[in-house]
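Read the figures in this text as sums done on the coordinates, not as results from a lab. Values in this document were obtained by computation on a predicted structure and should not be read as measured data. Here the Cβ positions follow ideal geometry from the backbone for every residue, glycine too, while neighbour counts run over all protein chains shown.
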Amino acid sequence: ETGVTQTPRHLVMGMTNKKSLKCEQHLGHNAMYWYKQSAKKPLELMFVYSLEERVENNSVPSRFSPECPNSSHLFLHLHTLQPEDSALYLCASSKRHVTTNTGELFFGEGSRLTVL
Amino acid sequence: ELKVEQNPLFLSMQEGKNYTIYCNYSTTSDRLYWYRQDPGKSLESLFVLLSNGAVKQEGRLMASLDTKARLSTLHITAAVHDLSATYFCAVDKDDKIIFGKGTRLHILP
């Protein structure tokens with residue numbers, strides 16, 4: 001298996017539920033990202049893990065909690081979400097801090113989240 | 001705070017015509033990316049521009065970067081229907097890659 005894989009592809013949850021989104025990359029990259037894509041604010045950067053260090057985006061509500069156990073896996077834990085959190089959540093990976101690489105992002109297919 | 005602005009945000013054009021999408025950004029960076037997104041799909045990398053004056057071409061698309069002006073352009077030559085999609089530019093700064101709002105391109109047959 002190659003590339004960036006996200007699961008689940010679709011998720012419907014109530015406001016009191018707890019769920020997690022999973023992302024796995026098989027590209028040998030050392031940085032992983034979560035982006036939120038909605039009609040109102042296309043492609044907002046939520047979190048970055050680079051060389052296994054987390055780069056904060058202070059505008060992300062605490063009901064979103066990322067976890068990066070190793071360089072190949074990234075999770076986004078969701079709890080007590082709001083309907084306005086409904087969006088497409090995209091995971092991406094890249095190779096950073098190596099002079100010969102381009103740093104471009106490779107995206108997964110996304111997880112479409114609906115909060116009722 | 002890095003800001004990335006694209007224009008136009010929507011472009012409807014006829015097949016065979018030429019047009020340019022512009023991407024301006026607010027702080028210094030020497031890495032800029034262009035991506036394509038088809039409806040219901042994820043983002044696909046088109047071009048990586050790594051230095052001032054860089055120019056890349058693939059088929060009917062050509063991208064360029066002017067780091068002094070903080071401007072990148074994506075030029076479409078003799079557009080065809082298959083190029084209908086949303087195009088995003090993204091700027092790389094301090095481990096963060098920030099995207100513009102995207103340009104929705106609709107090419108009429």
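Which cross-chain or sequence-distant (5 or more) residues have an amide H under 5 Å from the amide H of B:Lys93, H modelled 1.01 Å from N in plane?
Under 5 Å from the amide H of B:Lys93 lie the amide H atoms of B:Ile98, each far enough along the sequence or on another chain.
Would you kindly state how much longer the chain becomes between A:Lys18 and A:Asn58 on full extension, computed as 0.36 nm times their sequence separation minus their alpha carbon distance, in nm to one decimal?
That pair, A:Lys18 and A:Asn58, stretches by 12.2 nm at full extension.
Hey, with R₀ at 22 Å, roughly what FRET efficiency would A:Lys41 and A:Arg112 work out to, going by the Cβ-Cβ distance, to 0.05?
E between A:Lys41 and A:Arg112, to the nearest 0.05, is 0.85.
Counting only other chains, what is the mean number of Cβ atoms within 10 angstrom of the Cβ of each residue in peptide A:102-109?
Rounded to a whole number, the mean comes out at 6.
Quick one: 3J(HN,Hα) in Hz for segment B:24-31, Karplus 6.51/-1.76/1.60 with θ = phi - 60°, rounded, Gly and Pro as x.
For segment B:24-31, the Karplus-derived couplings read 10, 9, 9, 10, 5, 6, 10, 9 Hz, x marking Gly and Pro.
Tabulate in residue order the Karplus-calculated ³J(HN,Hα) for segment A:30-44, using 6.51 cos²θ - 1.76 cosθ + 1.60 with θ = phi - 60°, rounded to whole Hz; enter x for Gly and Pro.
Ordered by residue, 3J(HN,Hα) equals 10, 9, 9, 9, 10, 10, 10, 10, 9, 5, 7, 9, x, 6, 8 Hz.
Would you work out the relative contact order for chain A, in percent, from Cα pairs under 8 angstrom that are 6 or more residues apart?
36
Normalised by the number of residues in chain B, what is the relative contact order in percent for Cα pairs under 8 Å and 6+ residues apart?
Reported relative contact order: 37 percent.
For chain A, modelled as a GNM with alpha-carbon contacts under 10 angstrom, which of A:Ala31, A:Ala87, A:Ala39 fluctuates the most?
Comparing A:Ala31, A:Ala87, A:Ala39 in the GNM, the peak value goes to A:Ala39.
Indicate the gyration tensor shape class of segment A:1-49 (rounded, prolate or oblate), computed on the Cα atoms with a ≥ b ≥ c the square roots of the eigenvalues: a/c under 1.5 is rounded; otherwise a/b larger than b/c is prolate and the rest oblate.
Oblate, because a/c is 1.5 or more while a/b does not exceed b/c.
Using the Karplus curve 6.51 cos²θ - 1.76 cosθ + 1.60 with θ = phi - 60°, work out ³J(HN,Hα) for each residue of segment B:41-49 in order, rounded to whole Hz, and write x for Gly and Pro.
10, 8, 8, 10, 6, 9, 9, 10, 10
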